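Single-structure report; data block below.
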Amino acid sequence: MGYDAEFYKEIDRIYEQRREENMRDLERRKQAVFARVPRLADIDYEIKSLGLKLYKIALGSADVKEEVSKLRLRQMQLLELKKSILTENGYSEDELSERFHCSICCDHGTFDGKTCECYKKLLTEKAYELSNLSALLTHQTFDTFDLSLYSEEVDEYYGVSPKEHMQRILDICKDFVKNFEKTDKNLLFWGEPGIGKTFLSTCIAKELIETSHSVIYETAYKTFSMLEELKFKKADNEERLRFKVEKLYSCDLLILDDLGSEFTTQYTTAALFDIINSRLISGKKTVINTNLSMAELEKKYSERVVSRLYGHYQVLEFIGSDIRIDKSVNN
Ligand SMILES: [Zn+2]
């Protein structure tokens, strides 16, 4: 479960780049300052020499307490002098020091043998990037899912109000997240556009990303065009494409949005079956959003696909009218 080694390597590379850039940035500032205030170059050099001397003494075994404290005092004085000359010349006190994205771990990602908070933050950011869910969508949570947008009027056909029905679906989604590691359930959201299917899938994605699960969100249209491009065209970005397609199979949760809106071919039908079936075999969960009923799905794809859906997916029908339209009318 979680991310693969390549994902963590990518994060480590970012920290490495940050540290290299910090050094280059310091070097640039140093050159500029020393050119303007040469005295600071001498002080800087002396501070370094003192540091080296102290290091050598520490390696020796002789009792050199007195000498050490003398050198330390001198070093402190020079550091203070350096600061005051910098501020006198209009620089900030840290102009000749390395500057870090994170001052706690100095851009190493770990501090005191523990993972730094900045590392966790970066991990989540990268996970959002990888999932195709922009960080902007982070406000879409179960808590912000607004049930008041659904009618309380009982729908004659279903014998329940859209609001009550959606409350049940919301509970099922929360349970799905809570039992994600244990469940062998997959979800299929079916209903008209604009009644919350994508919103609720995003909520599920967000919760799982926050708990270090790898999530990919992709529209069916994009999924199949990637697969076709990889199969039939000689793409310049073949390696990148292969990587993305591989993730469709291996991520902890795949959200396949808007299934049925794309143009199908024999190849895409076979590819859809392959993705669904492979993920079932490897125990990876999938959430599918579609406007099509099971009968329509069977017509568009194949009986094979639909039998997998029937057998392994909990089908949740979204009811009500387009909440996006209602919302704009109310505004
Ligand atoms: Zn940090």
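Here are some notes:
- Any chance ALA270 is under 26 Å from GLU317 (Cα atoms) and without any contact (Cβ under 8 Å) to a residue 24 or more places away in the chain: yes
- Complete set of residues in region 112-136 that are in a loop (DSSP other than H, G, I, E, B) and under 9 Å from the mean Cα position of the chain (by Cα): ASN132, LEU133, SER134
- Residue within region 171-194 that is on the phi > 0 side of the Ramachandran plot, in contact with a strand residue (DSSP E or B) (Cβ under 7 Å, 6 or more places away or on another chain) and either outside any helix (DSSP H, G or I) or free of Cβ contacts under 8 Å to residues at least 60 places away in the same chain (or both) present: yes
- Cross-chain or 6+ apart pairs with Cβ under 6 Å, region 231-242 first and assigned by TED's automatic domain parsing to the domain that holds THR268, then of a type in the set (Asp, Glu): ALA235/GLU229
- Members of region 240-285 found to be over 19 Å from the mean Cα position of the chain (by Cα) and among the β-branched types (Val, Ile, Thr), listed by number: THR264, THR265, THR268, THR269, ILE275, ILE276, ILE281
- Residue within region 115-132 that is out of contact with any Lys or Arg (no Cβ under 6 Å at 6 or more places or on another chain), within 11 Å of the ligand (Cβ to nearest atom) and in contact (Cβ under 8 Å) with a residue 24 or more places away in the chain present: yes
- Restricting region 287-314 to residues that are under 17 Å from TYR221 (Cβ atoms) and among the hydroxyl-bearing types (Ser, Thr, Tyr), the residue that is surrounded by the fewest Cβ atoms within 10 Å (Cβ to Cβ): TYR301
- Looking across region 295-310 at every residue that is without any contact (Cβ under 8 Å) to a residue 24 or more places away in the chain and in contact with a helix residue (DSSP H, G or I) (Cβ under 8 Å, 6 or more places away or on another chain), the one that is nearest to GLN266 (Cα to Cα) is identified as GLU298.
- Within region 61-103, the set of residues being within 16 Å of the ligand (Cβ to nearest atom), without any contact (Cβ under 8 Å) to a residue 40 or more places away in the chain and in contact with an Asp or Glu (Cβ under 9 Å, 6 or more places away or on another chain) comprises just one member, CYS102.
The values are calculated or read from the model by the stated rules, or taken from the named source; none is laboratory data. Source: prediction; values computed, not measured. Ideal geometry is used to build each Cβ from the backbone, glycine not excepted, and the neighbour counts take in all protein chains shown.
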